[in-house]
Amino acid sequence: MGSANISAGLLLNRQLRSGGWSYFDSQQSCVESTSLAVLALGPDGRHASRAGTEHLVQSQAHDGGWPACIGDPESAWVTALALCALNTTNDLAVARERAFRWLMMARGREGHWFWRWKFRIADREVRFDPDKYGWPWSPGTASWVIPTAFSMVAIKQYTVCNRLAAAENRIRLGADMLLDRACVGGGWNSGNSVVYGVPLPPHVEATAIALLALQDEERTPVIRTSLAWLKQRSASIASAESLAWCILTLFAYQEPVDHLKTRLATLVGDGRDIHNNATLATAILALRCGEIIHPFMVPR
């Protein structure tokens, strides 16, 4: 698609000398932008993609994770996206193994007995089962939908040929957490579905990314209702990033997306009005759905 090619050229021009990409006009490389750009440019920008991959490997922290932006002191949720990017290559086994181990160790603070007790007994303003926990945005904080979903996708991809019991148990716990925190009418908010007794509305991106993590699971009523909500909502999405994630998810569920890709191409144009490089890379991936290997597809 022409819009994808033009935008890919623009994304190439925004690559930093380090090999990474920032979010906006900055010299600080950010792992989310870099990982998505590596995936988006893989087919046609092999040199740039290789440089981005090398930058990711060189930037991996001693604990096996990645910080949100290079230079930050603490590894974070973006480790899952970096592993998804590295999963597209057959080498870099050591870096991928270290990232996998970091994800296996990371967990929302509900994973600690004290916090489970607190959420169950003392803190009743939110409604969820604290025994079902996923992954946080950063260590020491509670589980959230998007980091949990990306971590599940990364682990499922990495262990597809050899899923040991520990990985299977961790995936099951994450899936249970997502299903437990679905919104009342389907879909997902960024975190909890009910706060102070008030049901919260679903968000497009959280719903789309959660469904990506659950694409190979049994089609429970929660998944079916959430997919139906996303399909219905797709007709009125005005955000390029939200529409891009919607396309990536609906394609994974074998739903028609050509009409959505046409609308996304109009929103993106030549890409110059999209200043966030993570958004631009996600849009390129969505526009190329069906032309390249889906980077968040989980083999069944």
Accessible surface of CYS289 in the full protein assembly, 1.4 angstrom probe, to the nearest 10 Å²?
10
The set of residues whose placed amide H lies less than 5 Å from the amide H of ASN192, leaving out same-chain residues fewer than 5 positions away, is none
Probe 1.4 Å, all protein chains in place: accessible area of HIS203 in Å², nearest 10?
80
Which of the listed residues, LEU230, ALA182, CYS84, is farthest toward the dipole's positive end in the chain, when Lys, Arg count +1 and Asp, Glu count -1 at the beta-carbon?
ALA182
Surface accessible to a 1.4 Å probe, PHE150 within the full protein complex, Å²
10
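To the nearest 0.05, how large is the calculated FRET efficiency for ALA228 and ARG163 if R₀ is 41 Å and r is the Cβ-Cβ distance?
Numbers: r = 30 Å, r/R0 = 0.72.
Between ALA228 and ARG163 the formula returns 0.90.
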Report the one residue of ALA281, GLY271, THR148 whose Cα lies farthest in the direction of the positive end of the charge dipole of the chain (charges on C-beta: Lys and Arg +1, Asp and Glu -1; origin at the Cα centre).
THR148
Sulfur and carbon atoms: percent of accessible area, the chain [1.4 Å]
54
Pull up the cross-link candidates among the aspartates and glutamates for LYS156, meaning alpha carbon to alpha carbon under 17 Å and not fewer than 8 places away within one chain.
GLU97, GLU168, ASP176, ASP216, GLU217, GLU218
What is the Cα centroid distance between the stretch 1-37 and the stretch 221-300, reported in whole angstrom?
19
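The values are calculated or read from the model by the stated rules, or taken from the named source; none is laboratory data. Predicted model only: the values in this text are computed from it and were never measured. Neighbour counts are summed over all protein chains in view; Cβ atoms, including those assigned to glycine, are modelled from backbone coordinates with ideal geometry. Ligands, DNA and RNA are stripped out before the accessible areas are found, and what is left, the full protein with its side chains, is counted by its heavy atoms. Shrake-Rupley method; radii C 1.70, N 1.55, O 1.52, S 1.80 Å.
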